[in-house]
1. Expressed as a rounded percentage, what relative contact order does the chain have, with Cα pairs under 8 Å and six or more residues apart?
2. Spin-label point model (7 Å from Cα, Cβ direction): what's the residue 20 to residue 35 distance in nm?
3. For region 21-61, compute Rh as the Kirkwood radius over C-alpha pairs and then the Stokes-Einstein diffusion coefficient at 20 °C and 1.002 mPa s; write the answer in µm²/s, rounded to an integer.
4. Could you point to the label whose value was computed as Rg and Dmax of the Cα atoms in Å for the structure here, given [x] 13.6, 51; [y] 13.8, 48; [z] 17.3, 56?
5. Could you check the simple spin-label distance between residue 61 and residue 12, using points 7 Å along Cα→Cβ, in nm with one decimal?
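Each value in this text was obtained by applying a stated rule to the coordinates, not by laboratory testing. Treat the numbers as computed from the prediction; the structure is a model and nothing was measured. Here Cβ is always computed from backbone atoms with ideal geometry, including for glycine, and neighbour counts include all displayed protein chains.
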Amino acid sequence: MQRRANWLLGIFTVIIDAAMIAVSFFAAFLLRRATEYPRPLVPHPFRYYSGMLLIHTATLLTTFFFYRLYHFKRGLSRIDK
């Protein structure tokens, strides 16, 4: 049962991370449209950047995996102190 709980926690963590990456990407898109720095912008719709969003999300999740952020050790608390 403990193994299943760890597996579900890992899957849930990956899903939440992917959602937060997408939200931050969209927030950056909105911020870029709201400001005119570094030059005036001819805005594209958000769907224009969907390929970049997928690559960015996959790259970050892969990096998190290789830094062992999704590997939970036995006996350690899941709550930061």
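1. Worked out over the chain, it gives 45 percent.
2. If labels sit at residue 20 and residue 35, their model points lie 2.2 nm apart.
3. Once the numbers are plugged in, D ends up at 195 µm²/s.
4. Comparing each candidate, only [z] matches the computed number.
5. Those two pseudo-labels are separated by 1.8 nm.
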